[in-house]
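Colleague: Can you keep this structure in mind? I'll have questions shortly.
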Amino acid sequence: MHNTKIISLIVLLLIYFSSVCYSQNKQVSKDEIEILLNDATKEFKIKNYEKSLTKSRTALKYAIQINDAYLIGRTYNLIGANFDDLFMPDKAFAFYHKALHYINKTSNNIFKSNINNNLANIYFFEKKQYQKGIFHYEKSLEYSNISSDTSVIYIRKLSIIWALFEINNFTKGLPYLKYLNKFKQYGDESTDGALNMLNGVYNDHINDTVKANFYFLKAIELGKKSHEKFDLSITHKKYADFLSKNKNYKKAYEHILEFNRLTNEITDLAKEKKTKLIGVNLELDEYKREVDKIEAEYKKKQRLLQKEQSRNKKVFSIIVVLFLIITILFYFFYQNTKLKQKNRIKNIQNKIHQNIINASIDGQESERKKVALFLHDTISASLSSAGMHLNVFLSQHSAVPDEIIKTKFILDETHDKVRDLSHDLLPTLLVRFGLLYALDDLCEKYSNSNLHFEYLNTISNKKRYAEKFETRLYFIISELLNNIIKHSEATRAEVSLSESNNELIIEITDNGKGFDINRFNFVEGFGLNQIKARINNLNGNFDVKSKIHEGTSIKITVPLS
């Protein structure tokens, strides 16, 4: 009770001194600034630059008052975007730099990516400082990768490869080009045009004139549809360079003319935008000076305010004490939240890893089946047919050359090897009679005078499971038996199968030398991590017990439903 009264007293004192100190400095809330900034963004999108800049200036003033780095950075970026759209890159450049300074103080990776990309565009296209442009493009890609927006990542990589090709760094740019060609679905009409242009540039570099010509023409065709005049103009310029290099000067001249025409249109559009802005009497240079003054004036007011507030040191002491109390109260809450976040991220990473493994397993099984069927149905059949014709030939001729007999022997031997390989890839017993028969045969096949595999099965051999289920389990068990043969030095091993509570239980034991399961290199060397991942793919459990000189026991439990 006593502690509660003290805390209540502290809160009351804080409220009192706050009302005294700040009654004359009422601030606009963060939500109100957000609304104002959203309105300014809408005006920008409909090309109403005057209203957008005016609202941005007001939003900046309030954002600086509450010292919100995110809102300040976002506002500077919007102001820069307005000037950028008005073809005033120098003014835009200054505001983008301020935006980056503030947004780097936040954790907003989306705006970090956007602002770095805006700066890179000016460095690259306007200032021709390609290395700085590439640096900011790569930073933009780095932040885009964190946000995992595939379409944005695609555009960022497109910008990087454009910059790299511009400085003839084709070696570094080639992996990006391969990525873009592989994941075209993440782009759109405008990026398709640019990608085809870059493919043209690369094929020109490696002197594949046919492909280069195809890609340049395709880029021009797509550029006309997308109405991206700047990209289309650059494509005409690059194509003209290509044609000139290959001594087709007439066509090169035509595309240079088209490049000049589009460039003039872009220039005229810029003049038109600037004229409209002058028509509403907005002085852009004066605007820039006013925006620059906002931060300076705020800092001046802050200094005066600090002098005034220095008379009330006790207020700040109370605030510090209150802050410490709040910190202590919420410390455990923060730690708990942080732990939950880490666990959530770890779960996401595990799911991604599992999806990759699932895709790999499905692909391997599909290819294994295709190859096995191809060997059995095509190669083996062809070899059998050839052997049959040779047998007919031998039966009709009493005296035949030794080469024919040797050929017959080679064909028979090759046919046997192809058949064995086909059976290894997709065992016939597994396909025809199922997992239980196939495992019985596998144990008998692997047994020899040095190592005996005993097969114990409490399930009817006639029982069948889903084809994919049987195939995956067969190759998992086959790999485990191979590990016993290669590494265990065992003389006896046992494979047992049973069903319980709608689960298939597989136990594999041996009397070999065992190993230390805590040693990573052993686990990796035996491929147990991969096997465990494949069992997880079946929603099953995989348990390994082993000790040095005491053998190994493996238990696999897989649900049947």
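Coordinate-derived values only; no laboratory data. Values in this document were obtained by computation on a predicted structure and should not be read as measured data. We place every Cβ from the backbone using ideal geometry, glycine too, and count neighbours over all the protein chains shown.
Colleague: Using the number of other C-beta atoms within 10 angstrom as an exposure proxy, rank V28, V321, V558 with the fewest first.
Modeller: Least crowded to most crowded, the residues run V321, V28, V558.
Colleague: Can I ask one more? Apply 1/(1 + (r/R0)^6) to the Cβ-Cβ distance of E479 and S561, taking R0 = 30 Å, and write down the FRET efficiency to the nearest 0.05.
Modeller: Given R0 = 30 Å and the Cβ-Cβ separation, E is 0.75.
Colleague: What distance in nm separates the two pseudo spin-label positions at E507 and F433, each 7 Å out from Cα along the beta-carbon direction?
Modeller: Here the answer is 2.5 nm between the modelled labels.
Colleague: While we're here: Take the Cα gyration tensor of region 201-278, multiply each eigenvalue by 5, square-root it, and list the three semi-axes largest first, rounded to whole angstrom.
Modeller: 29, 13, 9
Colleague: May I ask for the percentage of alpha-carbon pairs in region 107-187 that lie more than 22 Å from each other?
Modeller: For region 107-187, the fraction of Cα-Cα distances above 22 Å is 19 percent.
Colleague: Spin-label point model (7 Å from Cα, Cβ direction): what's the K338 to N67 distance in nm?
Modeller: 2.3 nm
Colleague: Ranked highest first by average number of other Cβ atoms within 10 Å, how do 217-223, 266-272, 468-474 line up?
Modeller: Answer by packing, highest mean first, reads 217-223, 468-474, 266-272.
Colleague: Place a label point 7 angstrom from the Cα of E489 along the Cα-to-Cβ direction, then list the residues of region 543-561 whose backbone nitrogen is under 15 Å away.
Modeller: 547-552
Colleague: Label L329 and N457 with points 7 Å out from Cα along Cα→Cβ: what is the distance between them in nm?
Modeller: Reported label-point gap for L329 and N457 is 6.8 nm.
Colleague: Report the full-extension gain for the segment T171 to E138: residue separation times 0.36 nm, less the Cα-Cα distance, to one decimal in nm.
Modeller: My answer for the length gained is 10.3 nm.
Colleague: Next question. Which residues does the label zone of K245 cover in region 138-178, counting backbone N under 11 Å from a point 7 Å along Cα→Cβ?
Modeller: Residues 168 qualify, since their backbone N sits under 11 Å from the label point.
Colleague: Given R₀ = 30 Å, FRET efficiency for H101-S148 by Cβ-Cβ distance, to 0.05? Could you put the intermediate results ahead of the total?
Modeller: Values: r = 26 Å, r/R0 = 0.86.
The value I calculate is 0.70.
Colleague: Can you tell me the FRET efficiency between Q185 and Q131 if r is taken as the Cβ-Cβ distance and R0 is 30 Å, rounded to the nearest 0.05?
Modeller: Calculated transfer efficiency: 0.45.
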